[in-house]
Amino acid sequence: MELLKQNIHMDRVCREGSTQLSLEDDMNLPETKPDISSLCMEKGSVVIEEVRSGADAVFVRGRLIFSVLYHTQEDGSRLVCTEGKILFEEKIRMEGLLSTDSVTVCGEVEDLTVGVINSRKLSVQSVISLNAFVEEIYDQEIPVGVSCPEDNREAVQYRQTPVELTQVAMCKKDVLRVKEEIPLPAGYPNISQVLWKSVEPGEMSFRLGEEKLYVQGDLHVFVMYEGEGESPSVQIVESTAPVSAEIACSGCREGMAPDVRYQVGQWELAPRPDLDGEQRVFGLELTIDMRICVYEEKNISLITDIYGVSREICGEKKKVELEQLLRCVTGRTKVADHVKLPEGAKVLQLVRSEAQANVTNVQTAEEGILLRGSVSVKALCITDDDEKPYQCVRAQLPFEYTLEIPGMKEGEKPGRIQTNLEQLTVTMLDGEELDVKAIVCFSTTATCKVDAEVIDAVAEYPLDSEKLSELPSMAIYVVKQGDNLWDIGKRYYVPVQSLMELNEMSSQEVKPGQKILIVKGV
């Protein structure tokens with residue numbers, strides 16, 4: 001006789017660590033760039049170049065890349081863009097980390113401040129956060145059956161407890177590559193130089209098919225450029241680039257639950273000549289870094305107890321922790337406010353608005369999780385100030401939202417939360433105030449822990465004749481509070497099925513005061 005066991009594939013974050021890093025540097029303008037009159041707008045992002053695991057720590061090397069849009073007085077109040085970078089190396093403590101562990105590191109810009117030292121030099125200060133974690137797939141071994149000779153099956157009694165649990169069907173990292181060409185609308189001048197550009201992901205949807213993951217979505221593209229001609233003018237191009245792909249996912253099928261986390265990686269948006277050789281096309285090349293995990297729900301019967309009828313069978317128990325998929329949950333919250341414009345120049349036109357949503361605090365709440373954070377909004381406006389006609393208006397819109405997860409218990413944590421800005425609308429109420437509205441979308445895969453005590457090993461011995469002789473040949477047992485048919489059969493070395501047949505019972509349910517006939521050897 002032996003236990004039949006099955007491996008359940010599960011995932012977990014086994015180690016994690018984080019740090020906050022202050023970066024500061026002065027940047028001289030390239031010789032090809034004109035002098036600075038005043039600053040207009042800035043943005044930055046973190047690029048992780050190397051991650052090296054060590055004992056109890058991970059070493060991270062990367063760079064902060066930033067762009068600065070400024071006015072120059074050399075040819076009137078023109079706009080000019082310059083770019084730079086600040087290199088960094090950091091050590092993040094992660095207790096228990098091994099040099100063989102694969103660590104994922106994500107970086108975010110929490111604050112970026114650019115100041116003018118003189119007409120040829122800028123001061124750049126930034127605070128970035130680095131979050132490191134190790135995710136691993138591991139196997140939890142559980143007993144699901146007992147193998148014994150055909151003629152001796154009733155001599156071995158084992159209790160099967162059905163449970164619903166979730167296992168990992170597949171987990172991998174992938175890179176989705178997007179290549180698109182965005183032509184200029186008719187009537188727009190040819191491209192002389194790019195002043196400002198951004199690419200932001202829109203709503204993305206993921207659907208599983210047979211051995212495939214279908215990805216559908218779009219990218220919002222914004223370009224501000226200076227047109228060719230004797231009197232260069234600033235032009236705005238806004239477009240949407242579609243994202244459509246099929247990613248091979250071995251072992252997956254429709255009905256499983258995908259958990260996809262994604263972020264825009266490296267991207268480039270540069271002018272290209274059209275078929276006539278004129279600079280009238282923007283070429284977009286972009287990567288989307290994806291972590292794809294697919295979960296499968298299973299109904300399994302665990303062996304939680306065992307005893308023998310003709311032999312003494314002892315089961316060694318152990319506690320196991322399994323997971324049950326509650327659901328893949330999504331939620332949306334609306335953020336709105338009126339933003340006062342700086343005193344002075346009057347806003348004539350709204351050119352561009354962009355925003356980023358950040359969750360700064362996550363707490364377990366009743367039937368879900370409480371999310372706190374803010375939406376950082378930037379709006380580029382044209383004003384009536386001749387010296388600096390373009391100005392950037394900044395605002396922070398706080399939010400608080402409870403993402404409902406029915407069935408979630410206190411102390412449990414969901415998976416990592418994907419936060420995206422689904423919609424941003426900025427309108428000018430008058431020359432002194434902006435109306436800002438945004439919809440923030442959250443998604444996560446929520447699971448709950450299922451604790452069980454199962455049989456891990458069994459040992460067989462001959463029956464204790466003295467112990468067996470003390471049991472009556474026939475008895476009437478009166479059921480007490482808390483009794484069940486399994487425990488009664490185990491106490492008297494009688495198969496549960498035999499008790500049911502002898503007492504003409506259709507189920508194993510018993511009630512206090514009920515009389516059960518027991519006959520030894522039956």
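The values are calculated or read from the model by the stated rules, or taken from the named source; none is laboratory data. Just so it is clear, the structure is predicted and the values come from calculations on it, not from any experiment. When we count neighbours, we look across all protein chains shown, and the Cβ atoms used for this are built from the backbone with ideal geometry, even at glycine.
For this structure, a couple of remarks:
- Conditions (1) in contact with an Asp or Glu (Cβ under 8 Å, 6 or more places away or on another chain); (2) crowded, with 18+ Cβ neighbours inside 10 Å: number failed by residue 103: (1)
- Evaluation of residue 203 against (1) in a strand (DSSP E or B); (2) closer than 24 Å to residue 439 by Cβ (one fails), failing number: (1)
- Cross-chain or 6+ apart pairs with Cβ under 9 Å, segment 233-249 first and at negative phi, then surrounded by fewer than 16 Cβ atoms within 10 Å (Cβ to Cβ) and of a type in the set (S, T, N, Q): 242/216; 243/216; 244/216; 245/216
- Candidates are the residues of segment 469-522 that are among the aliphatic types (A, V, I, L, M) and assigned to a helix (DSSP H, G or I); the one that is nearest to residue 155 (Cα to Cα) is 496.
- The set of residues in segment 454-487 being touching a Leu at 6+ places or on another chain (Cβ under 7 Å) and either at pLDDT below 90 or closer than 21 Å to residue 162 by Cβ (or both) consists of 454, 455, 458, 485.
- Condition met for residue 434 (under 17 Å from residue 306 (Cβ atoms) and touching a strand residue (DSSP E or B) at 6+ places or on another chain (Cβ under 9 Å)): no
- Selection within segment 305-360 - under 30 Å from residue 295 (Cβ atoms) and aliphatic (A, V, I, L, M): 320, 322, 325, 326, 329, 357, 359
- Residue check, residue 440 part of a strand (DSSP E or B), aliphatic (A, V, I, L, M) and under 19 Å from residue 369 (Cβ atoms): yes
- The lone exception for residue 291 - which of (1) among the basic types (Lys, Arg); (2) within 15 Å of residue 452 (Cα to Cα); (3) in contact with a Lys or Arg (Cβ under 7 Å, 6 or more places away or on another chain) it fails: (2)
- Segment 173-187 - residue that is more than 21 Å from the chain's Cα centre (by Cα) and in contact (Cβ under 8 Å) with a residue 60 or more places away in the chain and, of those, surrounded by the most Cβ atoms within 10 Å (Cβ to Cβ): 184
- Residues satisfying the stated conditions in segment 82-100, i.e. surrounded by 12 or more Cβ atoms within 10 Å (Cβ to Cβ) and in a loop (DSSP other than H, G, I, E, B): 94, 97, 98
- Put simply, of 408, 474, 428 the only residue that is in contact (Cβ under 8 Å) with a residue 40 or more places away in the chain, more than 30 Å from residue 310 (Cα to Cα) and surrounded by fewer than 17 Cβ atoms within 10 Å (Cβ to Cβ) is 428.
- Residue match in segment 66-75 (condition: under 36 Å from the mean Cα position of the chain (by Cα) and of a type in the set (D, E, K, R)): no
- All conditions in (1) surrounded by 15 or more Cβ atoms within 10 Å (Cβ to Cβ); (2) closer than 25 Å to residue 324 by Cβ hold for residue 212, with the sole exception of (2).
- Some residue of segment 154-161 being under 41 Å from the mean Cα position of the chain (by Cα), assigned to a strand (DSSP E or B) and surrounded by fewer than 16 Cβ atoms within 10 Å (Cβ to Cβ): yes
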